[in-house]
Amino acid sequence: MNDHIDLDAFLHTDPRDVGCEEATEALHVYAELYAADPQAARTRYPGIAAHLKACGPCSTDFEGLLALISE
Amino acid sequence: MAVDDATEQWLADLRATGATRDAAHARLHDLLLRAARTETNRRANRLRLTGVEVDDLAHQAAADAMLAVLAKLSQFRGESRFTTWAYRFVVFEVSTKLGRHFWTRNPAVPLDGIAWERVPAVFGFSAEREAEWRELFVVFRHAVENELTDHQRQIFQAIVVDGVPLDALRVRLGTNRNAIYKVLFDARRKLRAVLVAKGHLPEER
Ligand SMILES: [Zn+2]
């Protein structure tokens, strides 16, 4: 199993990354847009997209939210 | 902002008084508990939770999500369906409960110095290929020990080396997710700058 952290990816930081607080605050809006059109969501909210790519806990919350509204 | 009919109904009922509001509270709790069960179950496999634990955590998360939704109802601006907004509190509370639960499973995770002998494996550096990564590793270790602040080093150690989930660490330190993320973000940027300067990593793409 390949369970290690990729050092290069781990040390990559995106200056657009808005952080957990801003991402969490807008997660409901982002999730509904994403459920309809993922690319539109990423284009409209690049800072949230960048954050979800880098933050494990927020992306786990996002996946959960997306699953709940897609039921 | 125009909201859908179901959202409008939720808001009207939750802002009503007497029996209408009581019934809306009961409906809301049902909705949140169902969502909390779904979300806890979704995460249960990876965390090897028992059925009893799932149920207990889901109830706790639903209760706290309920409090959060009611406390923040006036901040709901109709930018999404009401239920989507409410589910946001459910997933976050499930994360919080699982973060707390981590310590009941792993009470003995040390919060003292970095076990450097374990770090190569963390990054998938194998003993057979040590010649390829030894130099980078020396620079990396020196940067962690000398460039990071004590706080940055503690957060780096807990999350990266000891594998403590960020939400577990936030619960233990009594802080919020964003604060820990920011500390780690700045540490990552600093470490990358050192490795780039020494020619061990490419510039940011
Ligand atoms: Zn985050």
Would you check if there is a residue in region B:93-100 being polar (S, T, N, Q) and in contact (Cβ under 8 Å) with a residue 60 or more places away in the chain? yes
Just name the residue that is nearest to B:Phe82 (Cα to Cα) out of those in region B:1-19 that are part of a helix (DSSP H, G or I) and open to solvent by less than 70 Å² (accessible area, probe 1.4 Å). B:Thr7
Scope region B:38-85; condition within 11 Å of chain A (Cβ to nearest Cβ), within 19 Å of the chain's Cα centre (by Cα) and basic (Lys, Arg); matching residues: B:Arg42, B:Arg43, B:Arg46
With criteria (1) within 16 Å of the ligand (Cβ to nearest atom); (2) crowded, with 17+ Cβ neighbours inside 10 Å; (3) more than 9 Å from chain B (Cβ to nearest Cβ), A:Ala41 comes up short on (1)
Top-ranked residue of region A:1-32 - restricted to ones that are at the interface with chain B (Cβ under 7 Å from one of its Cβ atoms) and of a type in the set (A, V, I, L, M), ranked as farthest from the ligand (Cβ to nearest atom): A:Leu7
Among the numbered criteria (1) farther than 18 Å from A:His51 by Cβ; (2) crowded, with 19+ Cβ neighbours inside 10 Å; (3) away from the ligand (no atom under 16 Å from the Cβ), which one does B:Arg192 miss? (1)
Residues satisfying the stated conditions in region B:169-189, i.e. open to solvent by 30 Å² or more (accessible area, probe 1.4 Å) and either part of a helix (DSSP H, G or I) or at the interface with another protein chain (Cβ under 7 Å from one of its Cβ atoms) (or both): B:Val171, B:Arg172, B:Leu173, B:Asn178, B:Ala179, B:Lys182, B:Asp186, B:Arg189
Quick check, is B:Ala131 open to solvent by less than 20 Å² (accessible area, probe 1.4 Å) and at pLDDT below 95? no
For region A:47-59: of the residues being within 7 Å of chain B (Cβ to nearest Cβ) and open to solvent by 10 Å² or more (accessible area, probe 1.4 Å), which is farthest from the ligand (Cβ to nearest atom)? A:Gly56
Does any residue in region B:111-130 that is more than 10 Å from chain A (Cβ to nearest Cβ) and in a loop (DSSP other than H, G, I, E, B) come within less than 6 Å, Cβ to Cβ, of a residue that is open to solvent by 30 Å² or more (accessible area, probe 1.4 Å) and aromatic (Phe, Trp, Tyr) six or more places away or on a different chain, and which pairs are these? none
With criteria (1) surrounded by fewer than 18 Cβ atoms within 10 Å (Cβ to Cβ); (2) at pLDDT below 95; (3) outside the structural domain of B:Leu28 (by TED's automatic domain parsing), B:Asn146 comes up short on (2)
Inspect all residues belonging to region B:138-156 and state whether any of them is within 8 Å of chain A (Cβ to nearest Cβ), within 16 Å of the ligand (Cβ to nearest atom), closer than 22 Å to B:Phe102 by Cβ and among the hydrophobic types (A, V, I, L, M, F, W, C). no
Could we say that A:Phe62 is among the aromatic types (Phe, Trp, Tyr), within 10 Å of the ligand (Cβ to nearest atom) and within 10 Å of another protein chain (Cβ to nearest Cβ) here? yes
By residue number, the members of region B:157-168 that are more than 10 Å from chain A (Cβ to nearest Cβ), within 16 Å of the ligand (Cβ to nearest atom) and open to solvent by 10 Å² or more (accessible area, probe 1.4 Å) are none
Unmet requirement for A:Thr13, which otherwise passes all of (1) open to solvent by less than 30 Å² (accessible area, probe 1.4 Å); (2) among the polar types (S, T, N, Q); (3) under 22 Å from B:Asn41 (Cα atoms): (3)
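The values are calculated or read from the model by the stated rules, or taken from the named source; none is laboratory data. As the structure is a prediction and not an experimental result, all values here were calculated from the model. Quick reminder, even Gly has a Cβ in these numbers, built from the backbone with ideal geometry, and neighbours come from all protein chains shown. Side chains are part of the model used for accessible areas, which takes the heavy atoms of the whole protein and leaves out ligands, DNA and RNA. Shrake-Rupley method; radii C 1.70, N 1.55, O 1.52, S 1.80 Å.
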